[in-house]
Structure formats: C-alpha cells, structure tokens
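The values are calculated or read from the model by the stated rules, or taken from the named source; none is laboratory data. Just so you know, these numbers come straight off a predicted model, no measurement behind them. Backbone-built Cβ (ideal geometry, glycine too); neighbour counts: all protein chains shown. Side chains included, ligands, DNA and RNA excluded: accessible areas come from the protein's heavy atoms. Shrake-Rupley method; radii C 1.70, N 1.55, O 1.52, S 1.80 Å.
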Amino acid sequence: MSEQSTHRTVALVTGANKGIGRGAAEQLADLGMTVLLGARNVERGEEAATALRAAGGDIHVVRLDVTDPASVHAAATYVDERFGHLDVLINNAGITGSGQVSPEDAHDQVPSTVDLDMVRTVFETNVFGVITVTNAMLPLLRRSSAPRVVNVASHAASLALTSDPSGPFSALLPSAAYSPSKTALTALTVQYANELRADGILVNAVAPGYVATDSNNHSGYLTVAQGAAVLVRLATIGSDGPTAGFFDDAGPVAW
Ligand code: NAP
C-alpha cells in the first residue's frame with residue numbers, strides 16, 4: 001500500500017546495517033523520518049532494523065547492493081511504489097579495499113605495488129556505486145519538496161590534507177585505492193551539485209572523522225553516533241543551506 005499521503009520525510013541510507021550508516025539511520029529515525037535501511041544482505045539489514053524499531057524508529061529494510069544495478073533499480077521501484085518519493089539520500093556504503101585494518105596498516109594500497117583489481121573494486125563501490133544509486137533515485141528525489149543528497153567521503157579525500165608533508169596523513173601509508181576513490185567522490189559531489197542546483201537538490205560531501213567501525217577494526221577514536229552526526233546535519237539542512245560543499249563536524253573541509 002502506498003504511504004505517499006502520510007507526508008513523512010523519507011530517507012534512504014546505503015550500507016546502513018552497521019557502522020556509520022546504521023548510526024545515521026538511527027539519528028534520522030529519532031528525528032521522526034521514515035528510514036529506508038539499505039543493506040546488501042537482508043538478514044543483516046533486518047537485524048539492525050529490529051534493534052532500531054525497538055527504539056521506536058519507522059525503519060524499512062531495502063535490499064541494495066550498490067555494485068548491482070538490478071538491485072539498485074529494484075530498490076528504486078520499491079521506494080516509488082511504497083512511498084512515491086524520496087527526500088534524503090545518504091550514499092554511505094563504502095569499502096576500504098584492505099579489509100578491516102587501520103589506515104597505517106594498509107600496505108596493499110601503496111601505489112607502486114597495488115593490485116589494480118583491488119583499485120577497480122574500491123572504485124566500483126565507492127564511486128561508480130554512488131552514480132548508480134543517485135541516478136536511480138533522482139526521479140524520486142525530484143518529487144520531494146526539500147531533496148538532499150549526502151555523499152560520505154573522508155578526510156583522506158582531501159588533496160590539501162593528504163599532500164601536506166607535515167600534516168596528519170604524512171604518518172599513513174600512501175593509498176592508490178581508498179583515498180583516490182574518496183577524492184573522486186568529492187569531485188563527483190560538486191558535479192552533481194552543479195547539475196542539480198537549479199532544481200533545488202542540495203548535494204554535499206562529508207567526512208565523518210576516524211570512527212570505530214569494522215572497516216578499521218575499531219581503531220577509530222570516535223563513536224558511530226559522533227561520526228554519523230555530520231551526515232545527519234547535511235541531510236537536514238534548510239533550502240538556504242550549502243550545496244557543492246565538503247564538511248566535517250567542525251565545518252568546511254579543504255578540498
Ligand atoms: P563499515 O562498518 O564497514 O560499514 C560499511 C557498510 O557499507 C556496511 O553496511 C556494508 O555492508 C556496506 N557495503 C559495503 N559494500 C557495499 C555494497 N556493494 N553495497 C551496499 N552496501 C555495501 O564501515 P564504516 O566505517 O561505517 O563506513 C561507512 C562509510 O564511512 C564508508 O563510505 C567509509 O568509507 C566512510 N568513512 C569511514 C570512516 C571511519 O573512520 N570508519 C572514516 C571516513 C569515511 P556489509 O555489512 O554487507 O559489508
């Protein structure tokens with residue numbers, strides 16, 4: 001049955017069965033939004049959804065593998081039939097390519113010796129997957145009165161930060177996969193924002209900070225709730241809010 005008449009704000013978060021995406025889903029639900037919890041594995045999605053529903057959230061699991069266009073289009077069809085529109089899209093799903101290791105230990109990303117297949121796999125999820133999902137959801141976002149797109153990048157996307165030999169990234173191993181994929185994502189964010197500015201669709205990139213999740217074997221020093229806060233902030237900006245920006249919890253991040 002369509003729920004178009006309820007006028008609840010509808011938000012889709014990709015990769016929301018755990019980590020920062022799950023944290024964002026929880027916070028959006030706490031704000032009273034209907035949250036579509038994207039998960040490539042429905043059982044893992046339902047596990048997370050059950051916990052969030054117990055706290056009162058209006059949560060619906062949507063099977064969505066960002067690297068599988070058929071699943072993305074099926075998800076868009078489901079959102080269309082069930083809700084008729086989408087207000088918020090958070091492109092959160094992402095992989096490091098190195099598995100669950102802290103950035104200091106990602107020896108397999110060093111440019112001169114990197115496995116090109118790994119680079120392709122990372123870009124497939126972190127960049128091409130975002131294009132697939134965004135383009136599939138755009139017709140639904142265009143039906144919203146306040147559409148927002150948030151792309152989850154990283155401080156590792158920042159050329160200003162990563163090229164500073166005395167900056168925080170000088171202590172990390174160089175990366176030919178994860179870091180460039182997130183730089184491509186911030187570039188893509190600007191291009192989408194420029195295309196969609198006239199339509200009132202605000203598109204921004206965010207850096208959640210170093211958050212303790214499976215992706216870094218929980219070596220991060222921020223909680224999931226702290227990391228998710230900037231996603232939610234950019235997902236809920238007013239119509240006079242920024243577009244084509246890159247933000248962390250403290251404000252704009254240098255490109
Ligand atoms: P995480 O705990 O490993 O969660 C990643 C999520 O993405 C999981 O739900 C995972 O699903 C999902 N995912 C991976 N590939 C997918 C695909 N092809 N289709 C759909 N979902 C997919 O990692 P996280 O730390 O929360 O990361 C979330 C985002 O924040 C990522 O974009 C990451 O790059 C970014 N980020 C994280 C940090 C940090 O310190 N943690 C810092 C900067 C940026 P499965 O459970 O099925 O694997």
| Condition met for Ala193 (out of contact with any helix residue (DSSP H, G or I) (no Cβ under 6 Å at 6 or more places or on another chain), more than 27 Å from Asp108 (Cα to Cα), more than 16 Å from the ligand (Cβ to nearest atom) and open to solvent by less than 10 Å² (accessible area, probe 1.4 Å)) | yes
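Looking at region 202-252 only, could you name the residues that are β-branched (Val, Ile, Thr), part of a helix (DSSP H, G or I) and more than 9 Å from the ligand (Cβ to nearest atom)?
First pass over region 202-252, keeping only residues β-branched (Val, Ile, Thr): 203, 206, 211, 213, 223-224, 230, 232, 236-237, 243.
Filter once more, keeping what is part of a helix (DSSP H, G or I): 224, 230, 232.
If the condition is that a residue be β-branched (Val, Ile, Thr), part of a helix (DSSP H, G or I) and more than 9 Å from the ligand (Cβ to nearest atom), then Val230, Val232 are the ones that fit.
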| Meets criteria (out of contact with any Ser or Thr (no Cβ under 8 Å at 6 or more places or on another chain) and open to solvent by less than 40 Å² (accessible area, probe 1.4 Å)) for Thr134 | yes
| note | Reported set for region 186-201 where residues are more than 14 Å from the chain's Cα centre (by Cα), assigned to a helix (DSSP H, G or I) and closer than 19 Å to Ala136 by Cα is Val190, Gln191, Tyr192, Ala193, Asn194, Glu195, Leu196, Arg197, Asp199
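Find the helices (runs of 4 or more DSSP H) located wholly in region 1-93 whose residues include 1 or more that are of a type in the set (A, V, I, L, M) and open to solvent by 50 Å² or more (accessible area, probe 1.4 Å), and list them. Can you show your working first?
Numbers: elements: 19-30, 42-54, 69-83.
In region 1-93, the matching helices (runs of 4 or more DSSP H) lie at 42-54, 69-83.
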| Selection status of Arg120, more than 24 Å from His218 (Cα to Cα), without any contact (Cβ under 8 Å) to a residue 40 or more places away in the chain and assigned to a helix (DSSP H, G or I) | yes
| field | Within region 26-41, tally of residues that are within 10 Å of the ligand (Cβ to nearest atom) and of a type outside the set (S, T, N, Q) | value | 4
| message | more than 19 Å from the chain's Cα centre (by Cα), closer than 30 Å to Val114 by Cα and open to solvent by less than 30 Å² (accessible area, probe 1.4 Å): is that true of Ala157 in this structure? | response | no
